[in-house]
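Beneath this line is the structure, given in structure tokens, with notes to follow.
Every number here is computed from the coordinates shown, using simple stated rules; none is lab data. On a predicted model such as this, the values are computed, not experimentally measured, just so you know. Using ideal geometry, Cβ is built from the backbone for each residue, glycine included, and neighbour counts are taken over all protein chains shown.
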């Protein structure tokens, strides 16, 4: 009605505007890309203690890592990708903790090639589930190319939720890092059961 006066106190009139501003801020925060981090993606010290006990003495300090391929840069607006530098640091740190890398680089009996084939993430990163496919090829180091001892593509999935973080982008990052860490752990379990030539 014309001539009516709003007698509500000022805070009540501005509450919807404040809520809208807070919602926009949260949306912007959740929309920022958060790349995976190498230490969080690596095998933990606790996991390495268990996995090391399964490994053959032939593998210890005997696997040289070739440069890991298939990394992707994270968009500044959305997502959580794993770039090449993070991938290489993750595998080097994991293999160091597991005692698989030789003391002197490029002196191991074996070489491992790691190729990230696919990283599937949801378009809406709320309670996300991430799937990661990585191909591994283990060969003997000999002049002219060695025999392939192991080649397989391993696929791991991982979910994250509000127990991990309230921020959807952080949930996506955590799920991505966990999927990579689980993939490395699956590889180590398979290498531990591998019949190697004497």
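Over the range 55-197, the Kirkwood radius and the radius of gyration, each from Cα atoms, give a ratio Rg/Rh of 1.02. Going by neighbour counts of Cβ atoms within 10 Å, the residues 55, 196 line up, fewest first, as 196, 55. The value of relative contact order for the range 36-192, using C-alpha pairs under 8 Å at least six residues apart, is 26 percent. When peptides 168-176, 61-69 are ranked by their average number of other Cβ atoms within 10 Å per residue, the highest-first order is 168-176, 61-69.
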